[in-house]
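K.L.:
First the structure, then my questions, so here it is.
The values are calculated or read from the model by the stated rules, or taken from the named source; none is laboratory data. The model shown is predicted, which means the values in this text are computed figures rather than measured ones. Please note: Cβ atoms are built from the backbone with ideal geometry, for glycine as well, and neighbour counts cover all protein chains shown.
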Amino acid sequence: MKQPENPQSELRDPKLKVVFVGHVDHGKSTLIGRILHDTDSLPEGKIDMVKKACAAEGMEFEFAFVLDALLEEQKQNVTIDTTQIPFRTARRNYVIIDAPGHKEFLKNMITGASRADAAILVIAANEGVREQSRRHAYLLSLLGIKQLIVVINKMDLAEFSEKRFLEVESEYRKFLVDLSLEARAFIPAAARQGENVASRSEKMAWYRGPTVLEAFDLLEPQKADVDLPLRFCVQDVYRFDERRIVAGRIETGTLRVGDELVFSPANKSSVVASIERWNAPPDGAAVAGDSIGITLSEQIFIERGYVASHETDTPIETNRFHADLFWIVREPLRVGRPYNLRLATQEVKCQIVSIEQVMNSSTLETKIDKREQLERNEVGRLTIETRGPLVIDNHDRIPNLGRFVIVDDDEIYGGGTIFGGVYTDRSVAKSQNIFWSEGKITARERALRSGHRGAVVWFTGLSGAGKSTIAQALERELFNRAMQTYVLDGDNVRHGLNANLGFAPEDRVENIRRVSEVAKLMADAGAVVITAFISPYRMDRRRAREIALEGNAEFIEVFVDAPLDVCETRDPKNLYKKARAGEIRDFTGIDAPYEAPEDAEIVVHTDRQSVDESVATILEQLLPRLKADEPNE
């Protein structure tokens, strides 16, 4: 667990982080080297050391070599490592994040740009706007970096021509408009000679704007992470004597002794008893960026990957979400293929459910069509499903938990940002004397004993769509396979557990909540619980998913889809007839809404599929999820 040297000092004097990007050979590394030299930010003797190394290799000195850690990298003339380098102007401290521009190292840019406040994008005047110039701008937009300075470099190779500068500026400014990006400044420069870097260039007297260093001081820090809701990402739990110390990093917000924390995805609460760290008072506040340990007043089960928050502002907990994903390797991303997903300290198995939209990151050409794969350097708008619960935020709200990478064989294949997640209030007034009791039998042990995992299979659809009929047929099929299974039917539950509830909107919400909690407990016992409820509201079904995931149960939403007129024709209980006659009010589909699922795991169409066909469709997709050799993480 790496400790910041002095986090409180850094909070008082924050460093503005600027990522440098640009097409290969456009002079990005030379510009960085020149800035470090002109601000006296290099270690004493560094320039002499590099000059001697160049002489030994028979190479002409270049400022770009200041950044290169190895002579081999100099021979390749390609920057490989993402580097972070501090420097300062008269106004403030800065950190340069050097993100490589070569295609092979785009993965480093995703990592390097992820925490930047602003970006410097370098374009060579002689070559103009290239593919990587456009692609990097798209990545910056995707990562939410809005402050941008464009340096038109190598003006010496364009004879310091104002006309050439304006041509490149005009072309690139138009491209940025389509990304909703606006450059704070376009600066003509010749980094090798230092023209318009630290001092104004006499060779480009026609330019009246700021130098590169002056433009730096026009930038402003983004909203401080400390002002965002608390997100404490657990790295590990250590035992010292009788104490259990929960170690991790505060990504956003502030944490104090006495705070009541909710740990997701378990949704369990405890109070912070102490904050453990080096060279700091134990009762002082810990803030965004601090790596700390905490002890809790009540010992609850916590493990790596959990995220702590305050009860009033919890993250989203789900196993299904929407994202924009940038794919960077030659092997295409394929729908249905398993990958590893990393987000903060979480790592889970995942697969792509669907690709709804594809964009070329260079041309911004968008195709809205269903695709089965995503090619290299394409950006896909897609739906992702994980094997276990994932704790996330929307990127536009809390970027730190709204971005992720897709990994295979420990290699980053792509990076993305999350959008469209719905936040729900998970706080429920509970007695302070009620505590969750951890069982001694794990979900894996139950799965190995019964031969399958516990799960909640949630049927939703209009009255008359066939939910109960198909649920019972599915139950029989699972039972015949020696699986523990049970149907929670809407009418049956209202005979007992929910007999005191009516059909007003608030009663429907409570009906679904109670059923969700019961289903979670049954799934925790290892059963495959099939629910057959209209459950008309998307928010209620999202909450049902969250409740199931709190218990580490698989949740599969099944949309039993049939048109209203078909359901009304069937009308097995004469409910539609009574609703049309006004004898039943707030009846779903007539005078109360039904919000159809937008991305259910399984869909059956009972207007054109028989019961057997519907059950076969469900089994085909359900059985692989229930295998005992793939328990929840």
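Yes/no matrix, rows are residues, columns are (1) touching a Pro at 6+ places or on another chain (Cβ under 9 Å); (2) modelled with pLDDT under 60; (3) small (Gly, Ala, Ser):
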position	(1), (2), (3)
10	yes, yes, no
14	yes, no, no
51	no, no, no
54	no, no, no
59	no, no, no
64	no, yes, yes
91	no, no, no
102	no, yes, no
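K.L.:
Yes or no: the stretch 201-212 includes at least one residue that is under 24 Å from the mean Cα position of the chain (by Cα), part of a loop (DSSP other than H, G, I, E, B) and crowded, with 17+ Cβ neighbours inside 10 Å.
P.N.:
Checked the stretch 201-212: no residue is under 24 Å from the mean Cα position of the chain (by Cα), part of a loop (DSSP other than H, G, I, E, B) and crowded, with 17+ Cβ neighbours inside 10 Å.
K.L.:
Residues that are assigned to a strand (DSSP E or B) and either within 27 Å of the chain's Cα centre (by Cα) or not assigned by TED's automatic domain parsing to the domain that holds residue 286 (or both): does the stretch 173-183 have at least one?
P.N.:
Yes; the residues of the stretch 173-183 include at least one that is assigned to a strand (DSSP E or B) and either within 27 Å of the chain's Cα centre (by Cα) or not assigned by TED's automatic domain parsing to the domain that holds residue 286 (or both).
K.L.:
Tell me, which helices (runs of 4 or more DSSP H) lie completely within the stretch 477-594 with 3 or more residues that are aliphatic (A, V, I, L, M)?
P.N.:
Of the helices (runs of 4 or more DSSP H) lying wholly inside the stretch 477-594, those with at least 3 residues that are aliphatic (A, V, I, L, M) span 505-524, 538-550.
K.L.:
Residues of the stretch 462-476 being assigned to a loop (DSSP other than H, G, I, E, B) and either closer than 16 Å to residue 619 by Cβ or not hydrophobic (A, V, I, L, M, F, W, C) (or both), which ones?
P.N.:
Across the stretch 462-476, the qualifying residues are 463, 464, 466.
K.L.:
Here's another thing I want to ask about it. Just to be sure before I move on: is residue 507 in contact with a helix residue (DSSP H, G or I) (Cβ under 6 Å, 6 or more places away or on another chain) and charged (D, E, K, R) in the structure I sent?
P.N.:
no
K.L.:
Please specify each residue of the stretch 153-170 satisfying the condition of being aromatic (Phe, Trp, Tyr) and part of a helix (DSSP H, G or I).
P.N.:
165
K.L.:
Restricting to strands (runs of 3 or more DSSP E) lying wholly in the stretch 295-365: which have 1 or more residues that are aliphatic (A, V, I, L, M) and over 13 Å from the mean Cα position of the chain (by Cα)?
P.N.:
307-310, 346-360
Residues checked against (1) small (Gly, Ala, Ser); (2) touching a residue at least 24 places away in the same chain (Cβ under 8 Å); (3) assigned by TED's automatic domain parsing to the domain that holds residue 344; (4) on the phi < 0 side of the Ramachandran plot:
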residue: 235; (1), (2), (3), (4): no, yes, no, yes
residue: 238; (1), (2), (3), (4): no, yes, no, yes
residue: 244; (1), (2), (3), (4): no, yes, no, yes
residue: 267; (1), (2), (3), (4): no, yes, no, no
residue: 275; (1), (2), (3), (4): no, no, no, yes
residue: 300; (1), (2), (3), (4): no, yes, no, yes
residue: 320; (1), (2), (3), (4): no, yes, yes, yes
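K.L.:
Then there is this: Among the residues of the stretch 576-588, is any in the same structural domain as residue 496 (by TED's automatic domain parsing), surrounded by fewer than 17 Cβ atoms within 10 Å (Cβ to Cβ) and more than 17 Å from residue 503 (Cα to Cα)?
P.N.:
Yes, there is a match, as at least one residue in the stretch 576-588 is in the same structural domain as residue 496 (by TED's automatic domain parsing), surrounded by fewer than 17 Cβ atoms within 10 Å (Cβ to Cβ) and more than 17 Å from residue 503 (Cα to Cα).
Yes/no per residue for (1) crowded, with 16+ Cβ neighbours inside 10 Å; (2) farther than 22 Å from residue 377 by Cβ; (3) among the charged types (D, E, K, R):
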residue	(1), (2), (3)
138	yes, no, no
144	yes, no, no
149	yes, yes, no
160	yes, yes, no
176	yes, no, no
182	no, yes, yes
188	yes, yes, no
